[in-house]
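So the structure is just underneath, and the comments pick up after that.
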Amino acid sequence: MAKRKSIHIKGMEHGAPIPNGAVIGNMVFSSAISGKDAKTGVLSKDPDEQAEAMFRNLGLFMEQAGGTHENIGYMTVFLKEEKYRDSVNKAWLKIFPDEHDRPARHALKAELRGEMLFQIQIIAVL
C-alpha cells in the first residue's frame with residue numbers, strides 16, 4: 001500500500017493543522033487553494049487579481065506534488081457569489097486554453113471566510 005505524503009507550501013498555510021494537500025501513490029488531492037498571493041500574503045479585493053493568484057498557487061501546489069496542471073482530472077470551484085465565475089473563467093482559460101484538453105469542473109456557491117471570493121480544490125493523477 002502506498003504511503004501518504006503531505007504537501008506543505010510556504011505562503012499557502014491554512015492557519016489550521018491541515019496540509020495544502022496529499023499524495024498517495026499517483027493520486028494528488030488538494031485542500032482548499034485560495035487567491036491569497038503565496039509570495040506577498042496579500043488577498044486582493046479585485047476578483048481578476050484574486051483568480052490569477054489562485055491559479056498561480058495551483059501551479060505551486062502541483063509542482064510540489066510532482067506534476068503540472070496537465071495532471072489535474074477534476075476541480076471544484078467554491079464561489080462566494082455567482083458573479084465571480086467570470087473572473088475564475090478568465091484565469092481558467094489562460095491555463096486550459098484547449099477546449100478538448102481541460103479537467104472536469106464543478107462550481108458551487110459557498111460561504112467563504114473574509115475577503116476570499118473563491119477557492120478551488122483538485123484531484124490529479126501523476
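The values are calculated or read from the model by the stated rules, or taken from the named source; none is laboratory data. All figures in this text were calculated on a predicted structure; none of them were measured in a lab. Note that each Cβ is placed from the backbone with ideal geometry, even for glycine, and that neighbours are counted across all protein chains shown. Heavy atoms of the whole protein, side chains included, go into the accessibility calculation; ligands, DNA and RNA do not. Shrake-Rupley method; radii C 1.70, N 1.55, O 1.52, S 1.80 Å.
For the reader, a short list of remarks on this structure follows.
- Flag if residue 75 is open to solvent by 50 Å² or more (accessible area, probe 1.4 Å), among the hydrophobic types (A, V, I, L, M, F, W, C) and out of contact with any helix residue (DSSP H, G or I) (no Cβ under 8 Å at 6 or more places or on another chain): no
- Looking across 45, 36, one residue alone is charged (D, E, K, R) and surrounded by 18 or more Cβ atoms within 10 Å (Cβ to Cβ). It is 36.
- Checked against (1) open to solvent by less than 30 Å² (accessible area, probe 1.4 Å); (2) in contact (Cβ under 8 Å) with a residue 24 or more places away in the chain, residue 53 passes all but a single condition, namely (2).
- Sole residue being of a type outside the set (S, T, N, Q) and open to solvent by 60 Å² or more (accessible area, probe 1.4 Å), chosen from 11, 15: 15
- Residue match in region 108-125 (condition: open to solvent by 70 Å² or more (accessible area, probe 1.4 Å), free of Cβ contacts under 8 Å to residues at least 40 places away in the same chain and closer than 27 Å to residue 5 by Cα): no
- Any chance residue 58 is surrounded by fewer than 19 Cβ atoms within 10 Å (Cβ to Cβ), within 16 Å of residue 120 (Cβ to Cβ) and at pLDDT 95 or above: no
- Total residues in region 53-95, condition among the hydrophobic types (A, V, I, L, M, F, W, C) and within 20 Å of residue 41 (Cα to Cα): 9
- Whichever residue in region 61-70 is over 12 Å from residue 9 (Cα atoms) and of a type outside the set (S, T, N, Q) and, among such residues, is least open to solvent (accessible area, probe 1.4 Å): 67
- Count of region 56-68 residues which are out of contact with any His (no Cβ under 7 Å at 6 or more places or on another chain), free of Cβ contacts under 8 Å to residues at least 40 places away in the same chain and within 16 Å of residue 34 (Cα to Cα): 1
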